[in-house]
Each structure stands twice: as C-alpha cells, then as structure tokens.
Amino acid sequence: TVKMKQYFRIITEGSIVLCMGRLDELDQNLFVLQGLAFPPAEKREDTLTAMDILDPFGNGERRQQIEYMRELEEQAHSDRVFVFSDVILTNSKTCDNLKMTFEAYEKLPGNYLFILIGPFTSKEFTSTGGRDEADRAFEFFGNTLENCPRLSKEAKFLFVPAMNDPGPQAAYPKKSLLEKLVENLRKRIQSISIGTNPCHLRFYTQEITIFRDDLLRRMMRHVLPKVPPSKDDDAMDLREQLLHSVIEQGHLFPLPSTAKPIYWDLDHTMRLHPLPSLLVLADKTEQFHTQIAGCNAVNPGSFSVDSSFVAYYPSRQEVELCKVPS
C-alpha cells in the first residue's frame, strides 16, 4: 500500500527506488510505504575519487597529464560548444536559421564545436525517396556554410543521429550515420565527425554526453499510476523532473525493455556513472537548463520548431540558452 507525500520525480517501471516504511502486523504484514526516493546523485569528482580513476575514458593518462589538461582547459576561454537538436535539414527555415547563426559566429574569434542532433530529414530513410532526401539534406547543410570559410576550415562539426535517421532502429545505442551521406560534405568542411546515439565526448578533463530521444513522452507513458509526477504549481517543472530522474537513476534510458531494447553488451554506453560535466538530453520539449550534483543538464529545445539551441563555455562550465531571432 502507498501512503506518502508527492515525490518530484518521474517513477517508471524499472526504476531503482529507496523505500521507507513499516510492516503492518495488523494487516497481514503488508509493507506500508511512507517515503520513496531515488538513489542520490553523486558528484563526478566523488565517483572518480571513490573508484580511484583518473581517466574514465581509458586512455591511461597519468595525474601530471590530467593536471596539464586541466590548466589548458581553464585557459581555453575562446572555446565554445554549440548544440542544435531536431535539425531537419530539408526544412528551408531550419537551413536559413543555421546559415544566419554560422555567419554570425564566422565574424567572431574562437574555437567552436557545433553538435547537430537529428532527425536530419522528415522522411524515413527506407521509405520511397528517403535516400534521395537524406543526400539533399547534407547538401543543403553544406550550403549553409558557403559564406563561412573560417568555420569551414577551423570549426569542428559533429552529427548525432536520432532513432529514425539512417541506420538500424531496433535498439540503443544507435550506430552513427552512413559515411556515404557525408563524404561530399567532407570535401567542403575540414573537420566532420559522425557519432553514435548516445555519444560521449571528451573536452580536456570534461565529459559531454549527448542523447536524443523523446524521453519525457516515453517515461510519462510508463509512469507508475500510484505515484505520478506532480503538476501542481509548487512542483518542479516536468522537464526538470525528467533531468533529475535520469541523473539519479544513473542511466539514460531508465525504462523497461518493452519501451525500447538495449544491446546488453553495450549497456555501459547508456550509463551515467560517473556523471558527465555536461548532459545534453535532447527532447522535443522546450529548452531547459538545471545543475544537478555539479552536472550541467540541458535540453537544447527543437531548432526546427522554435530556433532554440544551447551554447556551452567549457572553461567556465557555464550554459547559455540561445535562440535565433525571428
């Protein structure tokens, strides 16, 4: 039985929870639940110290190398990471807004990483005309940089697919885009990378994790009916409840396998232990930012819908919510 106050988390099938209560001897020893909580989030530094790990990426760096990278990181004031989600490149408005954004940053000095998250087309790749539309999408993207020779030569671009982009769609993690789709783009842009979904990046000593899914909708579909998330005026915003829930569960997809299976041998790519420095949980909801246990957790919003995106300053570990002016 459940007798408890509202808990501001999204509790779904498969969640790991801490239960507080008592056995009622008068009622067949039923456990009466009086309190429910998720395991508390642990700061990245505390996890690394407890596990005696210097380099969670497994590159074998020594402490002196880590300290040297940290010094470089603190001095990298001109480095910025920009995150755009729901970038439908076959949408003319999306490409116009990208072009406007790139041309603005072309004139500003700095070292930039642009992370573009799918879906990149409005059609399924395997549907009629889907392959041709995918080819056009990346041709259109190349055109957005035709007036940006500095960015084309010096900036870095990373493409992270959504589940309905080209490639297998049955389970997570999703493979990267087909190399064939970006081979012509590589002739126009110096540095292009194609990542998986989820994708884990390293910036000096920091870790950036990117995951694209309509996760809020999925989790609300699997929420436990007796403990629904609160929508009262005093409650956390549902977007913040989502970010807290994912971080405290320590997993990007804390749902049963009926929601979407995960390749068991690759489940470690879905885990958030230790926490990243920046977690990008790209959802279709409006953009949002909060900080949880030292982790900057953001939803960049839908660039195709409202032209919103996120800028991250790694040297200061600060997030800026941005939008292209209409």
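The values are calculated or read from the model by the stated rules, or taken from the named source; none is laboratory data. Source: prediction; values computed, not measured. Glycine also receives a Cβ, built like all others from the backbone with ideal geometry; neighbour counts cover every protein chain displayed. To get the accessible areas, we keep the full protein, side chains included, count just its heavy atoms, and leave off ligands, DNA and RNA. Shrake-Rupley method; radii C 1.70, N 1.55, O 1.52, S 1.80 Å.
For a test of the definition: using alpha carbon positions, the gyration tensor, and the 1.5 limit on a/c, classify the stretch 251-326 as rounded, prolate or oblate. Oblate, since a/c reaches 1.5 and b/c is not below a/b. In the chain, Cα pairs under 8 Å separated by at least six residues give a relative contact order of 23 percent. Here is the list for the stretch 13-57: GluC sites (Glu not before Pro) lying in DSSP coil, each with at most 15 other C-beta atoms within 10 angstrom of its C-beta, are Glu13.
With helices as the sole contributors, the chain gives -7500 deg cm²/dmol at 222 nm; each DSSP H run of n ≥ 4 counts as -39500 (n - 2.57), and the sum is divided by every residue. Computed over protein heavy atoms with a 1.4 Å probe, the carbon and sulfur contribution to the accessible area of the chain reaches 50%.
Approximating the spin labels as points 7 Å out from Cα along Cα→Cβ, the Arg70-to-Ser191 distance works out to 2.4 nm.
Considering only alpha-carbon pairs that sit under 8 angstrom and 6 or more positions apart, the relative contact order computed for the stretch 209-304 is 31 percent. For the pair the stretch 51-65 / the stretch 301-315, the C-alpha centres are spaced 31 Å from each other. Strictly over 29 Å apart at the Cα level, which of Lys180/Lys260; Lys107/Lys174; Lys43/Lys93; Lys123/Lys323; Lys153/Lys284 would you flag in this model? Over 29 Å Cα-Cα: Lys107/Lys174; Lys43/Lys93; Lys153/Lys284. The structure shown yields mean projected area of the Cα convex hull in nm², and of the options (i) 14.4; (ii) 15.3; (iii) 19.5 that calculated value carries the label (iii).
When peptides 243-255, 88-100, 151-163 are ranked by their average number of other Cβ atoms within 10 Å per residue, the highest-first order is 243-255, 151-163, 88-100. Among the chymotrypsin sites (Phe, Trp or Tyr not before Pro) within the stretch 222-314, those in coil by DSSP and having at most 15 neighbouring Cβ atoms inside 10 Å are Tyr263.
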